[in-house]
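The values are calculated or read from the model by the stated rules, or taken from the named source; none is laboratory data. Fair warning: this is a prediction, and the values are worked out from it, not measured in the lab. So basically every Cβ, Gly included, is an ideal-geometry build from the backbone, and we count neighbours across all protein chains shown.
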Amino acid sequence: MLDPGEQARPHRHTGAALRFAVQAEGAATIVNGRWCDMRSGDLILTPPMAWHGHINHSNRRIIWFNAANMPLLCALNAYFFEAGDPTDDDFWKVDAGEERIWQAAGLASPEAATVPGCSPKFHYPGAATRDTLAATSAGTDGSRTVRYINPATDGAVMPTLDCYAMRLKADSPTRTRRGAYTSMCLVVSGYGRSRVGDTEFEWGPNDVFTLPSWHWVTHQALGGEADLFIVSDCIVFERLELLREEWR
């Protein structure tokens, strides 16, 4: 979070990270010289070793959900961090830059720079996500799921983080599943209930809960539709040919 007028010092690290805007109108993240406004439901990526910083121009506190692959990098003894110059005012004097190239689905300039292993698109607007969820066909359990993709490869947005948005149908439980990977869920809107292994709990807007590896999981919206943002490390296991999933 950032208080009014605050800005986070520019920095970079080997960790891959992302920000999902919860209450962030009036704030922005700069990633590799691109200005990315933060609005409700926006997803902003910071690929490994990309210079980035955050600024709050509003008159109220702004809040986002943060996820990163730091535990994996620390276990591999591969985490490095570099702080930028806090007096460098030029860092903040940028516009959207090459982010404009990736703003429309299905269009890209052949000269656009890419980021090895990561999506060259850093900013995924929440409005587009909500529209895509509404247009997506529901599964047999009534839920709708869309994946955030790297537009250059159609794969995961980053080598170690895979992101999804899910819309749950009111009072309709999802099909029970389990996977040999870990996920974190942010409640974007609505209310519901989840059962993870032998534990059942209810949730509401802005709650965060985890789905540990190899636990049976089912979700159910209560009283209306509910939207979840989900980030997982399943892509790591897929690339190591260790991915395993089961349904019932």
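Descriptive notes on the structure:
- Here Ile55 fits the description: more than 24 Å from Ser232 (Cα to Cα), in contact (Cβ under 8 Å) with a residue 24 or more places away in the chain and in contact with a helix residue (DSSP H, G or I) (Cβ under 7 Å, 6 or more places away or on another chain).
- Residues that are of a type in the set (Phe, Trp, Tyr) and outside any loop (DSSP other than H, G, I, E, B) occur at least once in the stretch 240-248.
- Positions within the stretch 151-171 being within 29 Å of Gln23 (Cβ to Cβ) and assigned to a loop (DSSP other than H, G, I, E, B), in sequence order: Pro151, Val157, Thr160, Lys169, Asp171
- Checking every residue in the stretch 69-88 against the condition of being crowded, with 19+ Cβ neighbours inside 10 Å and either within 27 Å of Val208 (Cβ to Cβ) or modelled with pLDDT under 95 (or both) gives at least one match.
- Positions within the stretch 67-111 being in contact (Cβ under 8 Å) with a residue 40 or more places away in the chain, within 22 Å of Trp35 (Cα to Cα) and assigned to a loop (DSSP other than H, G, I, E, B), in sequence order: Gly84, Asp85, Pro86, Asp88, Val94, Asp95, Ala96, Ala105, Ala108
- From the list Ser194, Ser189, Ser143, the one residue that fits, being outside the structural domain of Ala96 (by TED's automatic domain parsing), under 17 Å from the mean Cα position of the chain (by Cα), surrounded by 16 or more Cβ atoms within 10 Å (Cβ to Cβ) and small (Gly, Ala, Ser), is Ser189.
- Scanning the stretch 64-110 for residues that are among the polar types (S, T, N, Q) and more than 18 Å from Val157 (Cβ to Cβ) returns Asn77, Thr87, Ser109.
- Matching entry among Thr29, Thr46 (being surrounded by 12 or more Cβ atoms within 10 Å (Cβ to Cβ) and over 24 Å from Asp131 (Cβ atoms)): Thr46
- All positions within the stretch 172-207 that are in a strand (DSSP E or B), touching a Leu at 6+ places or on another chain (Cβ under 9 Å) and acidic (Asp, Glu): Glu202
- Filter pass, Glu245 being under 19 Å from Thr140 (Cβ atoms), at pLDDT 95 or above, touching a helix residue (DSSP H, G or I) at 6+ places or on another chain (Cβ under 9 Å) and of a type outside the set (A, V, I, L, M, F, W, C): yes
- You will find that of Thr218, Thr210, the residue that is modelled with pLDDT of 95 or more, surrounded by 16 or more Cβ atoms within 10 Å (Cβ to Cβ) and not in a loop (DSSP other than H, G, I, E, B) is Thr218 and no other.
- Set Ser58, Ser40: member being under 21 Å from Lys121 (Cα atoms) and either outside any strand (DSSP E or B) or of a type outside the set (A, V, I, L, M) (or both): Ser40
- Tally of residues being more than 14 Å from the chain's Cα centre (by Cα) and touching a residue at least 60 places away in the same chain (Cβ under 8 Å) across the stretch 118-129: 1
- Positions within the stretch 124-143 being in a loop (DSSP other than H, G, I, E, B), at pLDDT 95 or above and hydroxyl-bearing (Ser, Thr, Tyr), in sequence order: Thr136, Ser137, Ser143
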